1. Can you tell me which of G157, G18, G213 moves the most in a GNM of the chain? Springs connect C-alpha atoms under 10 Å apart.
2. Ratio to report: Rg/Rh of the chain, with Cα atoms as the point set and Rh obtained by the Kirkwood method; give two decimals.
3. Can you tell which of V214, V227, V111 shows the greatest fluctuation in a Gaussian network model of the chain with Cα springs below 10 Å?
4. Within the stretch 76-175, which GluC sites (Glu not before Pro) sit in a loop by DSSP and count at most 14 neighbouring Cβ atoms inside 10 Å?
5. Give the Debye-formula value of log10 I(q)/I(0) at each listed q (0.10, 0.13, 0.16, 0.19 Å⁻¹), with one equal scatterer per alpha carbon of the stretch 120-266, two decimals each.
6. How about the stretch 79-160: which trypsin sites (Lys or Arg not before Pro) there are in a DSSP loop, with at most 12 other Cβ atoms within 10 Å of their Cβ?
7. Taking a quarter of the surface of the Cα convex hull of the stretch 92-180, what do you get in nm²?
8. Percentage of Cα-Cα pair distances in the stretch 155-208 greater than 12 Å, rounded to whole percent?
Amino acid sequence: MPTLLDPAVTVEPLTLAGRTFRSRLILGTGKYPDADTMVRSLEASGTEMVTVALRRVPLEQIGKGSLIDQIDPEKYLLLPNTAGCYTADEAVRTARLAREVGGWNWVKLEVIGDPKTLFPDTAELLEAARTLVAEGFVVLAYTNDDPVVAKKLEEAGCAAVMPLGAPIGSGLGIRNPTNLRILLEQARVPIVVDAGVGTASDAALAMELGAAGVLMNTGIAGADDPVRMARAMKLAVEAGWLAAHAGRIPRKLYATASSPLEGLIE
């Protein structure tokens, strides 16, 4: 009889750029009501990778009680984020600064094209990705759910491609599962759904579609109880991965009896 330690009922680790993570959930650090809630939410989520928007963190305060100082480097890989950058040059400068100040060579690459929708500027994104990969960065690229752009980012050397499920912070969930399926089918690098997740069922759906992981911030930080929501998202990601690898039954138009119809007692 299987136990919770059997491979058949455990979630396989996520490998990115040769590094292994037990958790397939990545969390942001913005929008929490306070630092203590953020720390407890990170713990409840089981995450091992945490993003920080460097343009919103005064780097001169590192080591003096800044947001970054609240994140235990023994527990979490810190993933600098180029959120707020609108050109390739801005994003590249921000990543270089992160490496110079903190020694971080992993980067969640964002290049925003529109301040209202926060959709990415894919041309600038590709330019920045190629530059940073050439400079030895491990690039995880936030993009739209366009399979063509995703393939180009993969070919540029990105360690992971991170298509949005819906606009950043919208909580709308997965709006275009068809595009994500195509994107996942062709991908040769991990695909991490990033942005738009509002509740646990959204995270589970992303994983059931075949995503390697999910990155979220507002869905947890903006909840009435972020710590409880963080735990829910942890379980949802695990459940979605297990379901995706269990082989669901086919969809049918009509009912199929759960019990055999033969041998009924008359």
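1. Sorting by GNM fluctuation, first place goes to G18.
2. Across the chain, the Cα-based Rg/Rh ratio is 1.03.
3. V227
4. Those satisfying the criteria are E135.
5. Debye output, listed in q order: -0.42, -0.63, -0.86, -1.10.
6. Taking the stretch 79-160 and a limit of 12 other Cβ atoms within 10 Å, the loop trypsin sites (Lys or Arg not before Pro) found are K116.
7. Result: a mean projected hull area of 5.9 nm².
8. It works out to 62 percent of all Cα pairs.
Coordinate-derived values only; no laboratory data. All values derive from a computational prediction rather than experimental measurement. No Cβ is skipped: glycine too gets one built from the backbone with ideal geometry, and neighbour counts run over all protein chains shown.
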